[in-house]
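The values are calculated or read from the model by the stated rules, or taken from the named source; none is laboratory data. Because the structure is a prediction, the values reported are computed rather than measured. Here the Cβ positions follow ideal geometry from the backbone for every residue, glycine too, while neighbour counts run over all protein chains shown. The accessibility values were calculated without ligands, DNA or RNA, using every heavy atom of the protein model including side chains. Shrake-Rupley method; radii C 1.70, N 1.55, O 1.52, S 1.80 Å.
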Amino acid sequence: MKLNERAINTVVLLGLLALPLYALVVDEPFTITLVTRAVILALAAVGLNIVLGIGGLVSFGHALFFGIGGYAMGILAYHAQTYTTLNLGFFSTGGTKLMPVIWLVAMTVSAIVAYVIGKLTLRTSGVYFIMITLAFAQMFYYFTISWAQYGGEDGLSIYIRNDFPGLNTLVPIQFFAICFVILCSVLFLYARLQASPFGLALNATRQSATRVEAVGLDPMKLKLLAFVISGAVTGLAGALFADLNRFVSPTMFSWQLSGELIVLIIIGGVGRLMGPVIGACVFVALEHFLGGLTSFWHIYLGVILLCIVLFARGGILGLLTGKEGAHV
């Protein structure tokens, strides 16, 4: 029996909300933190899904924006807690611990970097695009390893979680609420974007850039705008992830993380609204339950991924609804 996708989406969101509330009642704060981790990874994957699911661009370097968001948070919070000045030459600040300000900086810097990289990489396609995006992420990875001022390869610890007006972010359920609201907002943005004229044109570019160009649209500009939006959303996820752990390190730029984000989307369903969310939940569940049994739990993840690629091209959502997702 095939299920209605909208009903599945509703159940997934309600489940994400109900599990932390149940954990709050039975006093299991670790479970709340675990679900918060899944929500943040889902947010990063939704960002990637904008270019992968709608635009058909396989970016193997999206950890770049995740790491930029994380380091934006880490650097601003570090200078705020040490009462030192961050001097950028043309601008100096004492840092900040206000989450909304940090998010704005993380998204802005990620969007600017995405624009610059997009202008260079989107001239290519296929495996060349994949390798160039990977190369940029690795450049930032090795740069942060040598960035001794902010911990180098040891990373940078933030002693107290940043502030959000009216909330105590150190309380797990309150920090989860912030992340959950942001995820729902970005999912709404994704749905609107996918159904908009821009989204339809971007999807058409994925199928045939020549035909899109023939009707007077510029495929390069469409893909570049999608890449910038995607980078900003993934940068926001990076800032939240760093706040969750109160720690940033060069591993946030690693190619493994870029690969994991792609895996999350494939597991849930490429180009599907809740595909990244379902993929993130499956990934975090396997990491938690199987990771406690064996350090080789990725083998089981690989088996699941193999079965999905061979027998369920639309991911878990495609399997449940009988509809395939986007092809890339």
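Kindly indicate whether A106 is open to solvent by less than 10 Å² (accessible area, probe 1.4 Å), in a helix (DSSP H, G or I) and touching a residue at least 60 places away in the same chain (Cβ under 8 Å). Answer is yes for this residue. Picking from residues in the stretch 137-155 that are closer than 20 Å to L240 by Cβ and more than 21 Å from the chain's Cα centre (by Cα), the one that is surrounded by the fewest Cβ atoms within 10 Å (Cβ to Cβ) is Y150.
Under the condition of being free of Cβ contacts under 8 Å to residues at least 60 places away in the same chain and within 30 Å of A38 (Cβ to Cβ), the residues counted in the stretch 205-250 number 2. State yes or no: is G69 farther than 26 Å from F289 by Cα and crowded, with 24+ Cβ neighbours inside 10 Å? Against the criterion (farther than 26 Å from F289 by Cα and crowded, with 24+ Cβ neighbours inside 10 Å), G69 qualifies. When the stretch 300-328 is filtered for residues that are closer than 18 Å to T10 by Cα and surrounded by 16 or more Cβ atoms within 10 Å (Cβ to Cβ), the ones remaining, listed by number, are G315, I316, L317, G318, L319, L320, T321. Checking the structure you have, find out if any residue of the stretch 223-240 is hydroxyl-bearing (S, T, Y) and within 27 Å of L19 (Cα to Cα). The answer is yes; a qualifying residue exists. All conditions but one from (1) touching a strand residue (DSSP E or B) at 6+ places or on another chain (Cβ under 8 Å); (2) open to solvent by less than 20 Å² (accessible area, probe 1.4 Å) apply to I75; the one that does not is (2). Scanning the stretch 120-134 for residues that are touching a residue at least 12 places away in the same chain (Cβ under 8 Å) and surrounded by 13 or more Cβ atoms within 10 Å (Cβ to Cβ) turns up T121, L122, F129, I130, M131, I132, T133, L134. The combined condition, being under 13 Å from the mean Cα position of the chain (by Cα), modelled with pLDDT of 90 or more and more than 17 Å from N162 (Cα to Cα), is not fulfilled by F30. So is R6 closer than 26 Å to G318 by Cβ, at pLDDT 95 or above, open to solvent by 10 Å² or more (accessible area, probe 1.4 Å) and outside any loop (DSSP other than H, G, I, E, B) or not? No; evaluated as a whole, the condition is false for this residue.
The residue pairs whose first member lies in the stretch 313-328 and is in a loop (DSSP other than H, G, I, E, B), whose second member is at pLDDT below 65 and open to solvent by less than 20 Å² (accessible area, probe 1.4 Å), and whose beta carbons are closer than 8 Å, counting only pairs six or more residues apart or on different chains, are R313/G325; G314/G325. For the stretch 24-37, the candidate set comprises residues that are touching a residue at least 40 places away in the same chain (Cβ under 8 Å) and over 10 Å from F176 (Cα atoms); within that set, the residue that is most open to solvent (accessible area, probe 1.4 Å) is L24. Looking across A44, A80, A114, one residue alone is in a helix (DSSP H, G or I), surrounded by 18 or more Cβ atoms within 10 Å (Cβ to Cβ) and without any contact (Cβ under 8 Å) to a residue 24 or more places away in the chain. It is A80.
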